[in-house]
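Below is one structure, written out as structure tokens; the observations come after it.
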Amino acid sequence: MTPRPKCRKALACALIVGPLAAGLTACGGDSSPLAAAPYDAGDQVVVNADAAEDGGRVDSREPLEVTASGSGSRITDVLATDAAGRRLAGKLSSDGDRWRSTSPLAAGVRYTVVVSTENGDGAPGSRTLRFQTKPADGRRLGVTFGPERGTYGVGQPLVAELSHRMRGAGERRTVERALRVESTPRTEGAWHWVDGRTLHYRPKGFWPTHATVTVSSSLGGVGIRDGLRGGDTRPLTIRTGARVEALVDMSAHTMSVRRNGKHLRTLPVTTGKSGFETRNGTKVVLGKQPFIRMQGTSIGIPEGSSESYDLPVHWNTQVTRSGEFVHAAPWSTGSQGSANVSHGCTGMSTANARWFYELVRRGDVVRYVNGSGDRMDPFDNGFGDWNLSWKEWRRGSALTGGADAEHVRNGPGRLRFES
């Protein structure tokens, strides 16, 4: 059987079954013809009136509501995440007419909402909306910590999202001094300013296994600038599990997996072919999705053409927001272990993909070496924090490196998949 072509597609173009990992995007370069966006579904959905315009401000006391408005159209999925990576829970009506959040919005927080739709002809579309909730008190600086409470791999960074942008090095130093991270066992770590409202924290090396990590703020009542004082912040505690690391050698077409330093398996894989090269560097597992259906027509590939596809994709482990996944690719088993034929994802047999999927959790580490693609970006495409040396990392601290400039320019990219 001739291997079928790999699929790259916009997240909003796929028919998704089950909950989505936060912040899904695509894995190849935007210059690829397969990176084309799906059709704009902006006229098919209505979001809270205050958020109707991209960048609007929303009252956090009101639920987020998305309603289908186009004739014959319906909502197939809604993914809402805040800038700290926390997901907003919600419920979609059985007829696809309405989605409504079931957990409260946080005050003074930025959200990204991706709405996936389907029109009367069955063609999928999407709308992406970004908005900010109003601070509970506009004179108070709020801090939201992420990720969510839970157990993570040893590569999971912490995130602090501020309700107001810090205007200079002095304000950043004031904030950073008040953010405390404590771990048991103890380990050295530091904050790094991604931009004027976002900080990441990571240790010098990975977190210890089975550690307890608590992040808190003592900003309450502290003066930040005229008219702005620190507010009270709820602390966050996460735990780490075993140390699970995967090493993908893209020239050898293998993935070697270790748990707590013990080699478990070496798996034959295929990664991105010419023009769709998989990124080099260290990536952190962002989430998992057991099933995704991908269709080439949703990104403009004519049905029946040589690049046409309609594939059920199983056991998807996400490692970049731009859409790089480790997943089952039964159509390329003849190339796994010998050639790179994908559009950027790491393909393997169904049995191996399921084994890997069931082994890993968010925060586990996948490192890619010996490829010809670009290097993983530290911040624009998921958690690439470990691609900075410790010296480079500390330069991003307002206390040790005098962080004074924006480190991230572009924000999240277009949402899409690539297999």
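Brief remarks follow.
- Residues of the stretch 234-293 classified as outside any strand (DSSP E or B), of a type in the set (Val, Ile, Thr) and touching an Asp or Glu at 6+ places or on another chain (Cβ under 7 Å), total: 2
- Count of the stretch 189-227 residues, restricted to those that are within 17 Å of residue 142 (Cβ to Cβ), surrounded by fewer than 19 Cβ atoms within 10 Å (Cβ to Cβ) and over 25 Å from the mean Cα position of the chain (by Cα), is 7.
- The condition of being of a type in the set (A, V, I, L, M, F, W, C), touching a Phe, Trp or Tyr at 6+ places or on another chain (Cβ under 7 Å) and at pLDDT 95 or above holds for residue 213.
- Subset of the stretch 140-184 [in contact with a Pro (Cβ under 9 Å, 6 or more places away or on another chain), open to solvent by 20 Å² or more (accessible area, probe 1.4 Å) and of a type in the set (S, T, N, Q)]: 184
- Sole exception among (1) assigned to a loop (DSSP other than H, G, I, E, B); (2) touching a residue at least 40 places away in the same chain (Cβ under 8 Å) for residue 210, by number: (2)
- For residue 379, the criteria (1) modelled with pLDDT of 95 or more; (2) in contact with a helix residue (DSSP H, G or I) (Cβ under 7 Å, 6 or more places away or on another chain); (3) open to solvent by 20 Å² or more (accessible area, probe 1.4 Å) hold in every case but one, which is (2).
- Yes/no for residue 100 being farther than 24 Å from residue 48 by Cα and not in a loop (DSSP other than H, G, I, E, B): no
- Criterion applied to 392, 303 was being free of Cβ contacts under 8 Å to residues at least 60 places away in the same chain, over 19 Å from residue 258 (Cβ atoms), of a type outside the set (Val, Ile, Thr) and outside any helix (DSSP H, G or I), and the one residue passing it is 303.
The values are calculated or read from the model by the stated rules, or taken from the named source; none is laboratory data. The structure presented is a predicted model; accordingly, all values stated were derived computationally and were not measured. Please note: Cβ atoms are built from the backbone with ideal geometry, for glycine as well, and neighbour counts cover all protein chains shown. The area values use the complete protein model at the heavy-atom level, side chains included, leaving out ligands, DNA and RNA. Shrake-Rupley method; radii C 1.70, N 1.55, O 1.52, S 1.80 Å.
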